[in-house]
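The next block holds one structure in the form of structure tokens; read it before the comments.
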Amino acid sequence: MGVDVDNEVLETGDNNEKKSVDFIREFVNEDLAAGRYTGVHTRFPPEPNGYLHIGHAKSICLNFGLAKEYGGPCNLRFDDTNPSKEETEYVESIQGDVRWLGFEWSELHYASDYFDQLYAWAEQLIEQGDAFVCDLDSEQMREYRGSLTAPGKESPYRNRSVAENLDFFRRMRLGEFADGTKTLRAKIDMASPNLNLRDPVLYRILRAEHHRTGNKWCIYPMYDFTHGQSDSIERISHSICTLEFENHRPLYNWFIEKLGIYAPRQIEFARLNLTYTVMSKRKLLQLVKEKRVSGWDDPRMPTISGIRRRGVPPEALREFCARIGVSKQDSTVDYGLLEFCIRENLNRTANRVMGVLKPLKVIIENWPEDLVDELDAVNNPEDLAAGSRKVPISREIYIEQSDFMEEPPKKYFRLAPGAEVRLRWGYLIRCTGFEKDPTTGEVTLVRCTYDPESRGGNAPDGRKVKGTIHWVSAKHAIQAEARLYDKLFMKENPDDVPEGGHWLDNLNPDSVQTISCYVEPSLAAAQPGERFQFERNAYFCVDRDSTPTHMVFNRTVTLKDTWAKIEKK
């Protein structure tokens, strides 16, 4: 049985069944077997300084999924220790994203819930001689820190007495000092090969109104001092983090050990990187602020809210996260795999409708002027329980411009002079002529006749007709707006730029095209968020900009599936 480098094959059950277990679950199983923890308790701890993106979706699925698998709770905790960048808007959007993905937290917490306890622990470290107040500014601190190849130098303030440090720290809390003039630092080892252990900062002075605590505090704990202790307070068993925190784990454990408190186990996994996408919150914020996109929920954005607005089902995103799994090595996932998961889900769940994106009028000349026929159309051939609908057809219809050619090549089975095609769910029609714009030479109208005996698409004499095209009745069609979304960047790696270039240079100028289209009348009652397959075109969803008089559809993904072909090679 083949296993990748991050999985181990374990034998389970009486029948010696073999099951592939990733390295995180391997650690969890070991801890439970050894009695280190009596159960599994996880958490998802985002900072509310922006909207969540698809990388966070992987972490959400992992933390909530792990807890569910082992029958334990999973907390949602906001790491709100930097009030200058955090907003209630982000808190609310994050909660909505987690729920949309299909998860519900056991407990809701904020790091700010623990500010009083964290402050008390900071004083404990000072009293133990493990922390000191430092007067070095940020530039001086960088100079004293050293480098990967050279040890750092101890701060000249490192040997202040416990009493002096307590006095300064308490006065920092009272607001007696200006921002940036003093910090509280741990006293560890300035010669450590791990730079995170070179007397890291625990608290800084920051006068900024907090979204929950207001102006109660003018000093705020750093992430490294907050994270592990928050995990400990909540009795988290396994703290699952992305790989960049691997070098922070010794510091995580140092704080726990020095304070003598409950010790969770931190485990790191590689974060998600996706082709044609940026995951940096800073870069995503820049796209929003510079109006390169319409907002955080622009359907081209890799944010969960953007993905949702584009029409991606949460089940498809969860399946994508399950397929990529967890790894210890950084890698980049092909965007095509995400599209494959979306198509696979929508093929099963989305009702089929007919929509013409680039319309060309067809007149069926032998169709009676006032006749309207109603055809039976299956909503979803993959799910017969979805039922059927009536689709009206009349003398004038719209077809796609690409479904007619004046001089067709070989093996072109659509409409052409003298050629016969099948209308989806309808009749056989044969082209008898066409009209062109005398200036542009574009075909503007096609004339046809239909076979009245071919209702349902079958010729009564058994003649073979290879081509089937979609259409809408001109008399009944709804004119709508279609937004055709494509990848936001032109390059697989948006940061791949020549010397002197900028990642924004790789933005795709054609990442969205807005066109007027015609859709069948059954869509008149469609609600924002509903998903459909426009037959032979793509999957679409109703956008929130839609109104009863102006329907707007976002293209979620095309029908073309290159990933399945790649996977079979």
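The values are calculated or read from the model by the stated rules, or taken from the named source; none is laboratory data. Computed from a predicted model, the values in this text were never measured in an experiment. A quick note on method: Cβ atoms are made from the backbone with ideal geometry, for glycine too, and the neighbour counts reach across all protein chains shown. We work out accessible area using only protein heavy atoms, side chains counted, and drop any ligands, DNA or RNA first. Shrake-Rupley method; radii C 1.70, N 1.55, O 1.52, S 1.80 Å.
Residues in segment 359-369 that are in a loop (DSSP other than H, G, I, E, B) and surrounded by 15 or more Cβ atoms within 10 Å (Cβ to Cβ): 1 in all.
Only one of GLY529, GLY462 is of a type outside the set (A, V, I, L, M, F, W, C) and within 30 Å of THR275 (Cβ to Cβ); which? Walk me through it before giving the result.
Numbers: GLY462 fails: within 30 Å of THR275 (Cβ to Cβ).
None of the other options fit; the residue is GLY529.
Checked against (1) modelled with pLDDT of 95 or more; (2) in contact with a Gly (Cβ under 9 Å, 6 or more places away or on another chain); (3) open to solvent by less than 40 Å² (accessible area, probe 1.4 Å), MET279 passes all but condition (1).
For ALA120, the conditions (1) touching a residue at least 60 places away in the same chain (Cβ under 8 Å); (2) out of contact with any strand residue (DSSP E or B) (no Cβ under 7 Å at 6 or more places or on another chain) all hold with the exception of (1). Condition first: hydroxyl-bearing (Ser, Thr, Tyr), at pLDDT 95 or above and not in a strand (DSSP E or B). Can you find one or more residues in segment 138-145 that meet it? Yes, there is a match, as at least one residue in segment 138-145 is hydroxyl-bearing (Ser, Thr, Tyr), at pLDDT 95 or above and not in a strand (DSSP E or B).
So for segment 318-325 (the condition being without any contact (Cβ under 8 Å) to a residue 24 or more places away in the chain, surrounded by fewer than 17 Cβ atoms within 10 Å (Cβ to Cβ) and either within 15 Å of the chain's Cα centre (by Cα) or within 24 Å of PHE489 (Cβ to Cβ) (or both)), does at least one residue qualify? Taking every residue of segment 318-325 in turn, at least one turns out to be without any contact (Cβ under 8 Å) to a residue 24 or more places away in the chain, surrounded by fewer than 17 Cβ atoms within 10 Å (Cβ to Cβ) and either within 15 Å of the chain's Cα centre (by Cα) or within 24 Å of PHE489 (Cβ to Cβ) (or both).
Contact annotation: residue pairs with Cβ atoms under 7 Å, 6 or more positions apart or on different chains, pairing a residue in segment 93-114 that is within 24 Å of CYS321 (Cα to Cα) with a partner that is open to solvent by 20 Å² or more (accessible area, probe 1.4 Å) and among the hydroxyl-bearing types (Ser, Thr, Tyr), are SER93/TYR51. Within the option set ALA186, ALA178, being within 18 Å of ILE219 (Cβ to Cβ), of a type in the set (Gly, Ala, Ser) and surrounded by 14 or more Cβ atoms within 10 Å (Cβ to Cβ) holds for one residue only, ALA186. Filtered by the rule that a residue be closer than 24 Å to GLY35 by Cβ, part of a loop (DSSP other than H, G, I, E, B) and either open to solvent by 40 Å² or more (accessible area, probe 1.4 Å) or of a type in the set (Val, Ile, Thr) (or both), segment 231-276 gives ARG235, ILE236, GLY260, ILE261, TYR262, ALA263.
Listed here are the residues, each with its yes/no results for (1) open to solvent by 20 Å² or more (accessible area, probe 1.4 Å); (2) in contact with a Lys or Arg (Cβ under 8 Å, 6 or more places away or on another chain); (3) closer than 18 Å to PRO299 by Cβ; (4) not hydroxyl-bearing (Ser, Thr, Tyr).
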| site | (1), (2), (3), (4) |
| --- | --- |
| LEU488 | no, yes, yes, yes |
| VAL497 | yes, no, no, yes |
| HIS502 | yes, no, no, yes |
| SER511 | no, yes, yes, no |
| TYR518 | yes, no, no, no |
| ALA538 | no, yes, yes, yes |
| THR558 | yes, no, yes, no |
